[in-house]
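The values are calculated or read from the model by the stated rules, or taken from the named source; none is laboratory data. What you are looking at is a predicted structure, and each value in this text was computed from that prediction instead of being measured. We place every Cβ from the backbone using ideal geometry, glycine too, and count neighbours over all the protein chains shown. All accessible areas refer to the heavy atoms of the entire protein, side chains included, with ligands and DNA or RNA removed. Shrake-Rupley method; radii C 1.70, N 1.55, O 1.52, S 1.80 Å.
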Amino acid sequence: MNPEYAIEVHDVKKKFRIFYDKGNDLKDRILFRNRNHYEDRWVLKGISFRVRKGEAIGLIGHNGCGKSTTLKLLTKILYPDSGTIEMTGRVSSLIELGAGFHPDMTGRENIYTNASIFGLTKKEIDKRLQEIINFSELEDFIDNPVRTYSSGMYMRLAFSVAINVDANILLIDEILAVGDANFQKKCFDKLREIKAHGTTIVIVSHALGQIEQICETSYWIENGLIKQSGTPKTVHDNYLKSMEIKRTEQLEKQHEQEQNQEIKNSASVIQKLPDFCEKTAIRMGTQEIIFTDVQLRNLQNQKQYIFDTQEKIKIFLQYKSNKTNLKGNFGYGIFREDGLHCYGTNIMIETGECIPIREQGELEIIFQNHLLPARYFLDIAVHSHDGVIFDDIRQVVSFVISSDKQDIGVCRLESNFSWR
Amino acid sequence: MMINLCKELYAYREMIFSLVKKDLRGRYKGSVLGFLWTFINPLFQLIIYTIAFSFILPSAIEKYYLYLFVALIPWIFFSSSLQGGANSVMASQNLVSKIYFPREVLPIAYVTSCFVNMLFTFIIIFLVVACSGVSINFIAILCLPIIMLIEYMIALGLALLFSAITVFFRDMEHILSIITMAWIYMTPVLYPLETISNVKIQKLFYLNPMTSVIIAYRDILYYAKIPDFPTLLIAFGFGIASLILGEFVFSKLKKRFAEVM
């Protein structure tokens, strides 16, 4: 093994035997011999990577892609069916925090038990004891039984032990969600510190931001193979894009189902809403002008429910009226799912005049979207110039905004950072 | 391979200590007399045997209570190591499936805690031997650690073997409890081997690793004589064989422990 590397994984494959109906005892095995059908599921189909000493890598992928199995192989809880894993130095894992904690023993006693499971001798634990206690911020409680601890305190103690083992290789599975924000920051700083001391780190996480902050390389695992590796930012962008496509597909499907459901349900609604409305829509007005269709479209004029934060959105309206001498003030409003009023305007505000109403007419409103990912409702209304409501439909359609950018808030404020 | 394992186990010695400590402390946790039970329990056992075999069921063997006691305490160590040890890996499945450590630690810690428990009980044995007026042969007493060590090896080997098997075959635990029940009658614990009149069958008894061990204990503590060298040698042979077999099977099976838990 090249001394430059701390971990070398070569073409590792791992299968799990899935029993359809496993008989564990003698009776089951003999009586139901033919029931012992099983299927080999290959969780890892040939994974190879190398980690330099002092390097930090992240393993990402959706649930069940094999990233946790990879970590378990590195921990030597599981063993590969083929391929080799070579590692140098002491390995510590932050996979199971608080392993072997005994609720009736004090925090201090549990430090000894827990640290001993990581292979530390009494002398080594003595040396680290104070640091562990300090880090956990549990000075006042350290001689109380662990069962009296809150779950946050419990995790803090466990994390403090695991991180103070002084391993050469540290394996972490999704555990940086320990304690309050303050303690999380402390954990993160500690991770950076031990990395600076030359510890090799492997992180499995869904918190891509954390990986980007600490790792040099990210491995995207999909269906038991490494799909892409490289700088975290690049890999994560591709990963998020692919996740987004999947999610969008699912949303579309869901939306279709909802629409179908609505059609079925609408028959039972007393005041029947037209098909283009959400079933939660509320309609009011004098009905001198009525909307006959409301759609959201993209600029290619295709009906659409999922838009990107940056996308231009077209509201397409059709109406009819039994009077032709009216003038109408058309307007719309957008509410977030939780009721936040995001935006609203009408044609009076925009152009200063109402438009003449015809027997049948169409209207298009195109707006530049800045809203951030969430589910939204569109309200639509047509009033007279002095405020008589002809038709007003609240929550007429819903739509979803998605984005692969991680900014937060209500809407995107295009930001440019410059520095000197 | 073997050397690596020994090195690793040495590195994890603190884990073994802390498991043994936890086990010994946990055994009488919450009881008023606590650790004293380690002594009270065998003491009363002895008193009951003394009464039983003096008045209710008198035995032809002189000081039968002592005759029985010096064999029974080692036997209890063996049988509890076997039964509890077989369950030791399963009992810690939350550790085994989540964290790495040499899996051998678990049966070793269990058998060791039974062993330490036996050592404490030996304080009572020595007291009784001293009080009962049986002569004490100090050179023979020096052989005691040897036979204890041999018994430890046999018990550990079997604990390794059965703890690994139990993970994949849960019935083993219950089968073992029946085996140990029968095993005590295949070992001269309750009766002298000479009770078996057929010499050929007597020889067969020596195939049982515990026969030589129990005979040696009794030689030292009851007859106050140095055990025969062949007896010790046979026992030692069994100890080595048991360890090798146990670790061989254990090392083959341990890699798949986490998968079936």
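So in segment A:122-159, with the set limited to residues that are touching a residue at least 40 places away in the same chain (Cβ under 8 Å) and within 19 Å of A:Asp189 (Cα to Cα), which one is most open to solvent (accessible area, probe 1.4 Å)? Checking each candidate, the answer is A:Glu137.
Just for segment B:108-129: of the residues that are touching a residue at least 60 places away in the same chain (Cβ under 8 Å) and under 19 Å from B:Phe17 (Cβ atoms), which one is farthest from the other protein chains (Cβ to nearest Cβ)? Per the criteria, the residue is B:Phe120. Just give me the residues in segment A:277-317 being assigned to a loop (DSSP other than H, G, I, E, B), over 17 Å from A:Ile334 (Cβ atoms) and touching a strand residue (DSSP E or B) at 6+ places or on another chain (Cβ under 8 Å), in sequence order. The answer is A:Gly285, A:Thr286, A:Gln287, A:Glu288, A:Leu299, A:Asn301.
Residue by residue through segment A:357-407, note down the ones that are among the acidic types (Asp, Glu) and at pLDDT below 90. Of everything in segment A:357-407, those that are among the acidic types (Asp, Glu) and at pLDDT below 90 turn out to be A:Glu359, A:Asp386, A:Asp391, A:Asp392, A:Asp404, A:Asp407.
In segment A:67-77, the qualifying residues are those that are open to solvent by 10 Å² or more (accessible area, probe 1.4 Å) and within 11 Å of chain B (Cβ to nearest Cβ), and the one that is nearest to A:Met1 (Cα to Cα) is A:Lys76. Here the condition is being at pLDDT below 90, within 30 Å of the chain's Cα centre (by Cα) and either open to solvent by 40 Å² or more (accessible area, probe 1.4 Å) or within 13 Å of chain B (Cβ to nearest Cβ) (or both); of A:Gly64, A:Gly23, it holds for A:Gly64 alone. Against the conditions (1) within 11 Å of another protein chain (Cβ to nearest Cβ); (2) within 22 Å of the chain's Cα centre (by Cα); (3) free of Cβ contacts under 8 Å to residues at least 24 places away in the same chain, B:Leu36 satisfies every one except (1).
Quickly run through segment A:365-406 and pick out the residues that are outside any strand (DSSP E or B), out of contact with any helix residue (DSSP H, G or I) (no Cβ under 6 Å at 6 or more places or on another chain) and open to solvent by 50 Å² or more (accessible area, probe 1.4 Å).
A:His370, A:Pro373, A:His385, A:Asp386, A:Val388, A:Lys405, A:Gln406
When the residues of segment B:91-121 are narrowed to those that are surrounded by fewer than 18 Cβ atoms within 10 Å (Cβ to Cβ) and among the hydrophobic types (A, V, I, L, M, F, W, C), which ends up farthest from the chain's Cα centre (by Cα)? Taking the candidates together, the pick is B:Ala91.
Would you please name the residue that is nearest to A:Leu120 (Cα to Cα), looking only at residues in segment B:7-26 that are free of Cβ contacts under 8 Å to residues at least 12 places away in the same chain and either among the basic types (Lys, Arg) or more than 11 Å from every other protein chain (Cβ to nearest Cβ) (or both)?
B:Arg13
When segment A:90-118 is filtered for residues that are among the small types (Gly, Ala, Ser) and at pLDDT 85 or above, the ones remaining, listed by number, are A:Gly107, A:Ala115, A:Ser116. When the residues of segment B:215-253 are filtered to those that are open to solvent by 40 Å² or more (accessible area, probe 1.4 Å) and charged (D, E, K, R), the one that is farthest from B:Val134 (Cα to Cα) is B:Lys252. Filtering B:Lys252, B:Lys203 for residues that are out of contact with any helix residue (DSSP H, G or I) (no Cβ under 6 Å at 6 or more places or on another chain) and within 14 Å of chain A (Cβ to nearest Cβ) leaves a single hit, B:Lys252. Screening B:Pro145 on (1) under 19 Å from the mean Cα position of the chain (by Cα); (2) modelled with pLDDT under 90; (3) open to solvent by 10 Å² or more (accessible area, probe 1.4 Å) shows it passes everything except condition (2). The helices (runs of 4 or more DSSP H) found entirely in segment B:173-261 that carry 2 or more residues being within 23 Å of B:Tyr67 (Cα to Cα) and more than 18 Å from the chain's Cα centre (by Cα) are B:199-205, B:229-253. Screening the candidates B:Ala235, B:Ala155, B:Ala241, B:Ala216 for the property of being touching a Phe, Trp or Tyr at 6+ places or on another chain (Cβ under 6 Å) and of a type in the set (A, V, I, L, M, F, W, C) yields one hit, B:Ala155.
Determine whether A:Leu97 is under 30 Å from B:Arg27 (Cβ atoms), under 31 Å from the mean Cα position of the chain (by Cα) and open to solvent by 10 Å² or more (accessible area, probe 1.4 Å). Yes: the conditions hold for A:Leu97. For segment A:228-243, enumerate the residues that are surrounded by 17 or more Cβ atoms within 10 Å (Cβ to Cβ) and out of contact with any helix residue (DSSP H, G or I) (no Cβ under 8 Å at 6 or more places or on another chain). Passing the criteria: only A:Val235. Selection over segment B:162-200 of residues that are within 14 Å of another protein chain (Cβ to nearest Cβ) and open to solvent by 30 Å² or more (accessible area, probe 1.4 Å) gives a count of 9. A residue that is open to solvent by less than 10 Å² (accessible area, probe 1.4 Å) and part of a loop (DSSP other than H, G, I, E, B) occurs nowhere in segment A:179-194. Within segment A:213-265, the set of residues being over 19 Å from the mean Cα position of the chain (by Cα) and more than 28 Å from A:Ile203 (Cα to Cα) comprises A:Lys253, A:His255, A:Glu256, A:Gln257, A:Glu258, A:Gln259, A:Asn260, A:Gln261, A:Glu262, A:Ile263, A:Lys264, A:Asn265.
Counting only helices (runs of 4 or more DSSP H) that sit completely within segment A:95-167, those holding 2 or more residues that are within 12 Å of chain B (Cβ to nearest Cβ) and of a type in the set (S, T, N, Q) correspond to A:107-117.
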